[in-house]
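Notes to accompany the following structure.
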Amino acid sequence: MNRVFRRSARAYQQLSVGGVIYVCVLYSSRAIGSEAGLLSGVGRTTQYYSFSKFLCELLNQAVHMSNPIMKGAAIQTELSAVAVLDGKTVLITGANTGIGKETALDMAKRGARVIMACRDVEKGEEAAASIRAAYSKAQVEVRELDLADTCSIRAFAQQFLRDVNQLHILINNAGVMMCPYTKTIDGFEMHIGVNHLGHFLLTYLLIGQLKRSAPARIVVLSSLAHNFGWIRFHDLHSQGSYNSGLAYCQSKLANGLFARELARRLKDTNVTVNSVHPGTVNSDLTRHSTLMTIFFTVFSMFLKTPREGAQTSIYCAVAEELHSISGKHFSDCAPAFVAPQGRSEETARRLWDVSCELLGIEWD
Ligand SMILES: NC(=O)c1ccc[n+]([C@@H]2O[C@H](COP(=O)([O-])OP(=O)(O)OC[C@H]3O[C@@H](n4cnc5c(N)ncnc54)[C@H](OP(=O)(O)O)[C@@H]3O)[C@@H](O)[C@H]2O)c1
């Protein structure tokens, strides 16, 4: 009986989430229609194709979830918690709450030295204290990192490279969603600035350390929302028009494209990189959107907990079978669908070049 309830709840969750996203997309499409040139080069057919693939993905997930063997990715990885990380160093951005905090706890339990990179050190210390309370042997430390400020990212990396000899796992987890139009210290639109450019620069500054520590892994938190994103090269910072939902989708698409392009460039280095959709997780991510907060509150019992949401990141970070897998996208601890715009090598390369230019770096 309990199992039947769980199956129905999961299926209901997926379909509800799909329904709300569908409404959001329809709303966004109207907004798009009124913005001349907003989706230049992207036809309605592509949008509908993407959306139908996305619906298939949701249905597929619902079917998967009703399979008793799956029982959700959370259980799958928790049962196979064999990977030990003694002597390994893990760096997680945005680890003071939500998925990042749960990932940090799991890595600490596996014996890793965990560096929690947080913009608010006080909140970070509180999270670290609760991790130590849950696991007394946890080696966790908090360091200040504001991804909305390239000076902070550079200062963080400089200090990190001075103090820490090795880096085996980098988890680019921090993120903002649907915030009002704001810019980072460097003048980048907040979503693309924090979610993509901030992590791009951080990874660039630490890539040497990762290569020296190989085998090493990078995990990039993307989202199912990438399905509705397009990289608007003509207005990357949404100065012409701004839709907070689309800005989030663009940044999550950028995360996926970055992971693919980086994987291509890291071939034969023994450093792998994969992107992740954690599921729909009841976290603080919706803090800037009243509508999404209401939705997440009403449907909270059908959403993943942050602990469940962390499982795919953990899987990509530690699963033995993924040691040579790179450039892939995962959800529920399994390979997942990537929208056509997320598979475009041309867009990935162009985004790479534009990102380097904006950050004033050369990264071949
Ligand atoms: N929740 C979902 O349903 C969902 C779905 C798909 C993808 N994701 C992705 O999963 C990741 C984690 O999300 P979550 O659900 O755990 O959200 P969350 O609870 O809001 O956590 C986000 C973390 O990012 C940090 N952060 C935000 N801006 C930052 C900045 N400028 N510099 C450094 N850190 C910053 C936050 O710090 P503060 O606490 O100080 O703000 C927080 O620690 C995100 O990348 C998100 O896009 C989540």
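Quick note: the coordinates plus some simple rules give every number you see, no bench work behind them. Note that the structure is predicted; figures quoted are calculated from it, not measured. Cβ atoms come from the backbone with ideal geometry, glycine included; neighbour counts cover every protein chain shown.
Can you put 116, 178, 292 in order of Cβ neighbours within 10 angstrom, beginning with the fewest?
The fewest-first ordering by Cβ neighbours comes to 292, 178, 116.
Enumerate the calculated ³J(HN,Hα) couplings along segment 215-220 in order (Karplus 6.51 cos²θ - 1.76 cosθ + 1.60, θ = phi - 60°), each rounded to whole Hz, writing x wherever the residue is Gly or Pro.
x, 9, 9, 10, 10, 10
Give me, ordered by chain and number, the residues 5 or more places off residue 176 or on other chains with an amide H under 5 Å from its own placed amide H.
195
In nm, what is the difference between 0.36 nm times the number of residues separating residue 294 and residue 158 and their Cα-Cα distance?
The residue 294-residue 158 span can extend by a further 44.9 nm.
For the pairs 88/267; 88/137; 101/304; 211/304; 88/211; 123/211, note any where the Cα-Cα span goes beyond 25 Å.
As for pairs spanning more than 25 Å Cα to Cα, those are 211/304; 123/211.
In what order do 186, 268 fall by count of nearby beta-carbon atoms within 10 Å, going from fewest to most?
The most exposed by this proxy come first: 268, 186.
Gap in Å between the Cα centre of segment 210-254 and the Cα centre of segment 80-138?
Using only Cα atoms to place each centre, the spacing works out to 24 Å.
Whole-Hz ³J(HN,Hα) for each residue in segment 173-190, computed from phi via Karplus 6.51 cos²θ - 1.76 cosθ + 1.60 with θ = phi - 60°, x for glycine and proline: what do you get?
Taking θ as phi minus 60°, the curve returns 9, 4, x, 10, 9, 6, 7, x, 4, 9, 10, 6, 3, 8, x, 8, 4, 4 Hz for segment 173-190.
Stretched out fully, how many nm does the piece from residue 185 to residue 323 gain, at 0.36 nm a residue minus the Cα gap?
46.0 nm
Which shape class, rounded, prolate or oblate, goes with segment 73-359 when its Cα gyration tensor gives a ≥ b ≥ c as root eigenvalues, a/c under 1.5 marks rounded, and past that a/b bigger than b/c marks prolate?
rounded
Would you mind ranking 314, 361 so that the residue whose beta carbon has the fewest other beta carbons within 10 Å leads the list?
361, 314
Just how large is the dipole of segment 73-359 about the Cα centre, in debye to the nearest 20, putting +1 at every Lys and Arg Cβ and -1 at every Asp and Glu Cβ?
About 440 debye.
Using θ = phi - 60° and the Karplus curve 6.51 cos²θ - 1.76 cosθ + 1.60, what whole-Hz ³J(HN,Hα) does each residue of segment 199-212 get, with Gly and Pro shown as x?
Rounded to whole hertz, the list is 6, 4, 5, 4, 5, 4, 6, 9, 5, x, 4, 5, 5, 5.
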